[in-house]
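**Q** Input: one structure, supplied below.
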Amino acid sequence: MPERLQLPGCFRRARAFIDQTHYFSMKRIVTFLAFALFTGLGAYAQQTLQDFCGTPPHKSEWLERYQQNPQVINRSMLDTIYVPVTFHIVGKNDGTGYISYNRLMDGFCFLNEVFAQAAIQFYVKGDIRFINNSSYYDHNNSTGGQMMAANNVPNTVNFYIVNDPNGALGYYSPTRDAVALAKGSLTSGDYTWPHEAGHYLSLPHTFYGWETTDYNYDNPTPNTVTWGGVTRLVEKVNGSNCVFAGDGFCDTSPDYLNFRWNCNGDVESPQIQKDQEGVDFRSDGTLIMGYALDGCVTRFTEGQIGAMRANLQQIRPGHLTNQNPGLPVASNELTPIFPAEGQAVLNGEPFTLEWEAIPNAEMYFVDVSLISTFAFINKTFVTTTNSVDIAGDDLNPDRKYFWRIRPFNRYDACVSNSDVHSFELAETISSANDRETVQGLRLYPNPAKENQEVVLEFASEKAGNATISILSITGQALNSRRLDVAAGANRANLSVDGLPRGLYLVRIDANGGANYRKLLVQ
């Protein structure tokens, strides 16, 4: 199992429903059919979708009361609300099966991009937690409830990333007040996560009341629908009963479609429905809390946004203790310290990949691949520092490897991967730049005694910056420092304090090249 990740100050079945857990399933069993034409709308690829919504609809008493006197919002005047989350990454008993970190952050970035319209942003509080439990990894309703009861962190939104959450792509459990998500749904552009977060913040489906009810669309709908002993008014097209019928939001139009559907060119349902007065209408495909496909949905309405914000302020004040956002990650620029671009390191020996720290980054993903496109990744590392240790047997000898980093922090998961750099494994250590780029480089005293300072002297044709590193003989960076270089003579002191007796390499990266000298500590 990966070590628990600690960041400084932050990151340290179908329709048989049991209990009151709300499952939103967008599990897709997709068969692409031939292209068909909607009248006047052009060609659309059709999909056959299996939808499992295995829970009765849920609407809290708080929301029923709120909708009788909702707050009026002006999106342009909203202050951002910052909401803490806890990630529970679930794997099998043997510690395999975890979602990839990149996919997790891609999904989290998309969640915040979607919720920006509501001026709500989520941030990771505390540790990313790992759970090794095959019963949770692929769980049913009962086991999912046990998982949440045993692991929920108070005053945070608890997101459980599993393989199969009760046959769904995601669900919110009102009884456990937590969300489970299938790892396959956590990608940019997939609205499963925003949809479930909407449920967490009180929103019902736009087709509230129709979750387990079907009817003949050629006929006017009845005045009410009944499920689980609860009778709900059916919303009319004219909006006369919108506060008490359907989802209770007057700015979401009527919707009776409880299955996944693709939208037409007007971003509406191809299926025409009739309300109880026989008025024809099509469902709005843009609404995140409906069941239109991902390519259609884009938004929460002002009424829904007002409810989510009020739910946080009135029902979840414990979530709002930290409203001072951290700074975004400054950049994704990768400036290698060791190895330098194209440099060789010794076969079969451990070494350290090291790069210049990026301001405001609290964690890095580091990918290493034999392929420059990273179509296949040999190793992925996660670190809270600007370096990772590579074991001698992590990589194959005599090969060229490519590497990149992706920085992020608890508030900012949207930084992309850096540019790509390379190094080689070889029988001898060398530099990609064979010529020395400084002149008169010498170390003294050499040999040096333990805890003695060593003087480094060299001349440079031009002013600039240099990095001086002490390496093990196998190429592992032991310490590094930056140096301002003047045109002409330069001098710097190096401490060998703490270095055991042995042979080392002193490396100076300057003027576009790497320069080496051996140093013996006695």
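**Q** From the list Gly306, Gly278, exactly one residue is part of a helix (DSSP H, G or I) and more than 25 Å from the chain's Cα centre (by Cα). Which is it?
**A** Going through Gly306, Gly278 in turn, just one is part of a helix (DSSP H, G or I) and more than 25 Å from the chain's Cα centre (by Cα): Gly306.
**Q** Might you check whether a residue that is part of a strand (DSSP E or B), more than 25 Å from the chain's Cα centre (by Cα) and at pLDDT below 95 occurs anywhere in the stretch 347-357?
**A** To start, the set of residues in the stretch 347-357 that are part of a strand (DSSP E or B) comprises 351-355.
Cutting the leftovers down to more than 25 Å from the chain's Cα centre (by Cα) gives us 351-352.
Cutting the leftovers down to at pLDDT below 95 gives us 351-352.
Yes.
**Q** Out of (1) more than 23 Å from Ala292 (Cβ to Cβ); (2) in contact with an Asp or Glu (Cβ under 6 Å, 6 or more places away or on another chain), what's the single condition that is false for Val243?
**A** (2)
**Q** State all residues of the stretch 163-174 that are outside any loop (DSSP other than H, G, I, E, B), within 28 Å of Asn322 (Cα to Cα) and not aromatic (Phe, Trp, Tyr); if no residue qualifies, say none.
**A** Gly170, Ser173
**Q** Of the residues that sit in the stretch 243-291 and are in contact with a Gly (Cβ under 7 Å, 6 or more places away or on another chain), among the small types (Gly, Ala, Ser) and at pLDDT 95 or above, which one is farthest from Trp193 (Cα to Cα)?
**A** Here the residue is Gly265.
**Q** Another question about this same structure. With at pLDDT below 95, touching an Asp or Glu at 6+ places or on another chain (Cβ under 8 Å), closer than 14 Å to Tyr137 by Cα and in the same structural domain as Lys92 (by TED's automatic domain parsing) as the only criterion, which of Gly170, Gly189 stands out?
**A** None of the other options fit; the residue is Gly170.
**Q** Got a number for residues in the stretch 308-334 being within 15 Å of Val83 (Cα to Cα) and not basic (Lys, Arg)?
**A** 17
**Q** Can you find a residue in the stretch 505-522 that is within 44 Å of the chain's Cα centre (by Cα) and either farther than 24 Å from Val345 by Cα or surrounded by fewer than 14 Cβ atoms within 10 Å (Cβ to Cβ) (or both)?
**A** Scanning the stretch 505-522 turns up at least one residue that is within 44 Å of the chain's Cα centre (by Cα) and either farther than 24 Å from Val345 by Cα or surrounded by fewer than 14 Cβ atoms within 10 Å (Cβ to Cβ) (or both).
**Q** If you check Thr224, Thr231, Thr213, which single one turns out to be hydroxyl-bearing (Ser, Thr, Tyr), modelled with pLDDT under 95 and touching a Lys or Arg at 6+ places or on another chain (Cβ under 8 Å)? Outline the logic, then answer.
**A** Values: Thr231 fails: touching a Lys or Arg at 6+ places or on another chain (Cβ under 8 Å); Thr213 fails: touching a Lys or Arg at 6+ places or on another chain (Cβ under 8 Å).
It is Thr224.
**Q** Within the stretch 106-139, take every residue that is part of a helix (DSSP H, G or I) and among the aliphatic types (A, V, I, L, M) and give me the one that is nearest to the chain's Cα centre (by Cα). Walk me through it before giving the result.
**A** Going through the stretch 106-139, the residues part of a helix (DSSP H, G or I) turn out to be 106-118, 134-137.
Filter again for among the aliphatic types (A, V, I, L, M), leaving 111, 114, 116, 118.
Working: Leu111: 8, Val114: 13, Ala116: 15, Ala118: 19 Å.
Filtering first and then ranking leaves Leu111.
**Q** Answer yes or no as to whether Asp412 is under 38 Å from the mean Cα position of the chain (by Cα) and part of a loop (DSSP other than H, G, I, E, B).
**A** Here the answer is yes, as Asp412 does meet what is asked.
**Q** Taking the stated definitions as given, is Asp266 under 33 Å from the mean Cα position of the chain (by Cα), farther than 18 Å from Ser202 by Cα and surrounded by fewer than 17 Cβ atoms within 10 Å (Cβ to Cβ)?
**A** Judged against the criteria, Asp266 is a match.
The values are calculated or read from the model by the stated rules, or taken from the named source; none is laboratory data. Here the structure is a predicted model, which means the values were calculated and not measured. Glycine gets a Cβ as well: all are built from the backbone with ideal geometry, and neighbour counts include every protein chain shown.
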